[in-house]
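Everything below concerns the one structure shown next.
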Amino acid sequence: MKLSTLALLFSLILLLMNQTTSEAASKIQIYYTVTFAEAQAHYVDIEMDISGLKQDILDLKMPVWTPGSYLVREFSKNVESFSAEADGKAVDAKKVRKNTWRIPTQNISFVKVKYRVYAFEISVRTSFVDVSHGFLANAGIFMYPDGMLHTPATIHIIPYKSWTKVSTSLEMVKGNPFTLHSPNYDILFDSPIEIGNQDAFEFDAAGVKYQVAMYGGGNYNKERLKKDMSKIAELETAVYGENPNEHYVFIVHNHAKGGGGLEHLSSTVLGASRESYGTERGYQSFLSLAAHEHFHLWNVKRLRPIALGPFDYDNENYTTDLWIAEGFTAYYQDIIIRRTNLYPPDNYLGILANDINTVTNQLGNKIQSLAEASFDAWIKYYRPNENSNNTTISYYNKGAIIAMMLDLEIINDTDSKYSLDDVMKYMYDTYYKTKKRGYTDNEFKQGLEKFTGKNLNTFYKKYIYGVDDIDYDKYLAYAGYHLTDELAASNDPGLGITTKTENGKITVSGVSREGSAWIDGINVNDEITAVDSAKLTDINAILTGKKPGDKIGISVIRDGMPLTLQVTLQKKAQVKYRIDELPQPSAQQLTVRKKWLSL
């Protein structure tokens, strides 16, 4: 189709404008100085020197979210004392949006900006500073000039008092660990920085130098961690055939109670409980978390849904594919640990059964599809309320189950020639390496179909875009297994509530859809005081001696007013599955099992 002369001219003008903007940005030089004068009060002080300006107005912005954590967190809420100066004189800077500060720069080529960030939220996605260490989650620390995300920056850190170490995936400038270089802001925002006296140790795996930076102490065994984390890195690299990093950093925050992780391009931040390494369960849980976040350096950081990059740091970035980005990663975290032989197959089958139980017992599984769960992560997953169990599903757990189903389907249908590994490598090679972009929903489906050898329209309609019950036994049977419900013969009654007890008061915290309490009107926040006029002191005694069909009078206090509700008890609607071997598995089933579980 030919462009009209006017359209062609317009396109040329746009091209020249973009080229001019790009050239202007390329001449900009940005230098940050980071200090911690009041670390005891949880402050980070930032000086931002910007030179090479040739514009009348400079807008500085702070991201409203951080990649990998799909919630608008409004990082600018922690900024204070913003000021700007040029030639030693104050410049009249104004805040014009929630995350944007405007500086007039007519006839000004250099400006110095100063601001403070309050950093006192312990999580893997937010900054925290005290006298013991500083953790910088950079999307909430460093402002960037609007329209200049591709601009490089230098970051110089002046540590607080006795801090001696920096751990980050950013490159050092001239070998100085306290002076760092970032090629662009996408990399800067994806490269957290740990500063302090962390216990840092290293190992080599898959041709990559790894550092583990432990803050907070703990009963970990460094030599054991080196050995086992190295196995994980090697096996995950084998899935994709290459490790795109020269060095990679695990930043680990050990607290009395800790958890969670956040992936980054060449690093990750993990939360752990400092005394959990001493038990096999705690140790394996940590390795599973490390395996999950490390697998993300391919799946989502490079092989990604097309909506997740280039990033819009001002707004939500919607995708219906978090069940792939997070769910498939959740599947691989445990199947990779199984491949290391750190635990027997029965342990893995127990983990898989727990995922199936979680999904089946979460009533939102019949309301929200996986695609919807992914898309609505911004407003639902990170903002659960008392009704979330009834209306939502986790794209982690259910996505992991979908990955398991597809893996078994591929292994079975190709006589163990291929597996889900081959899909992941094909997609990585095709979209990240060759096309150099993310994949669409349909393109990932086509990648799966290439290796399943069948049309997946019905599968997607039922399990990705729909809420059909999953035929678990069909897929488990490929490997000679089936589900057994340990509660199948039970006739226990259930109220369908969760409660919390504080200061001797028993209060309803959740009500399950279509359960006894739901049907007969018990509400969240009701304080339960009596059952059949007998004072209630133990919630576990409420159903003693009762059976489905019985009616009980539950006395509550609602908004300060007493109320008695007549409740007809329903059968407890829960499953408790375990995965058992079929009586006489065939040779084909045993072959699939061997491939699947790396026997």
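Rule-based calculations on the coordinates, nothing more; no lab input. If you're wondering where the values come from, they're calculated on a predicted model, not measured in any experiment. Neighbour counts are summed over all protein chains in view; Cβ atoms, including those assigned to glycine, are modelled from backbone coordinates with ideal geometry.
What number, in percent, do you get for the relative contact order of segment 503-565 if the mean sequence gap of Cα pairs under 8 Å and at least 6 apart is divided by its residue count? Can you show the working numbers first?
Details: 84 pairs, mean separation 19.4, N = 63.
31 percent.
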Percent antiparallel among DSSP beta bridges confined to the chain, rounded to 5, stands at 80
Restricting to segment 224-341, what percent of DSSP beta bridges are antiparallel, rounded to 5? 25
Which value, to two decimals, describes the C-alpha radius of gyration of the chain once divided by 2.2 N^0.38 Å? 1.10
Could you grab the relative contact order for the chain? Cα pairs under 8 Å, six or more apart, rounded to a whole percent. 9
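Could you line up Asp407, Asp56 from fewest to most neighbouring Cβ atoms inside 10 Å?
Values: Asp407 25, Asp56 10.
The most exposed by this proxy come first: Asp56, Asp407.
Taking N as the number of residues in segment 22-197, what is its Cα Rg relative to 2.2 N^0.38 Å? Write down the numbers at each step before the final one.
On the way: Rg = 15.4 Å, N = 176, 2.2 N^0.38 = 15.7 Å.
Relative to the rule-of-thumb radius for its length, segment 22-197 sits at 0.98.
Mind pulling the per residue volume of the convex hull built on the Cα atoms of segment 493-599? Å³ is fine. Numbers along the way, then the final one.
Details: hull volume 17.8 nm³, N = 107.
Dividing the Cα hull volume of segment 493-599 by its residue count gives 166 Å³.
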Here the residues of segment 478-492 lying in the modelled label zone of Asp580, meaning backbone nitrogen under 19 Å from a point 7 Å along Cα-to-Cβ, are 478-491
Take the Cα atoms of segment 182-272, find their three principal axes, and give me the spread along each one in whole Å, biggest first. 37, 33, 21
Expected sort for Val72, Val34 with the fewest Cβ neighbours (10 Å cutoff) up front is Val72, Val34
Set Lys61/Lys366; Lys231/Lys425; Lys114/Lys174; Lys301/Lys445; Lys380/Lys572, cut-off 30 Å on Cα-Cα distance; pairs above it are Lys61/Lys366
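Can you pull out the trypsin sites (Lys or Arg not before Pro) in segment 69-124 that DSSP calls coil and that have at most 14 other Cβ atoms within 10 Å? Mind dumping the intermediate values first?
On the way: sites: Arg73, Lys77, Lys89, Lys94, Lys95, Arg97, Lys98, Arg102, Lys112, Lys114, Arg116; in loops: Arg73, Lys98.
Answer in residue order: Lys98.
If each DSSP helix of 4+ residues adds -39,500 (n - 2.57) and the sum is divided by the residues in the chain, what number results at 222 nm, nearest 500 deg cm²/dmol?
Details: 14 runs with 160 residues, N = 599.
Result for the chain: -8000 deg cm²/dmol, rounded to the nearest 500.
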Of the cross-linked pairs Lys209/Lys417; Lys547/Lys576; Lys27/Lys95; Lys165/Lys433; Lys398/Lys576, which ones have a Cα-Cα span greater than 24 Å in the structure shown? Lys209/Lys417; Lys27/Lys95; Lys165/Lys433
FRET efficiency (Tyr343, Asp56; Cβ distance; R0 60 Å; to 0.05) is 0.40
Helix 280-295 sits off the longest principal axis of the Cα atoms of the chain, rounded to the nearest 10 on a 0 to 90 degree scale, by 50
Treat the count of other C-beta atoms within 10 Å as a stand-in for reagent exposure and order Thr154, Thr501, Thr340, Thr66 from fewest to most. Thr501, Thr154, Thr340, Thr66
Contact order normalised by length for segment 338-457, with contacts defined as Cα pairs under 8 Å and 6 or more residues apart; what percent is it? 20
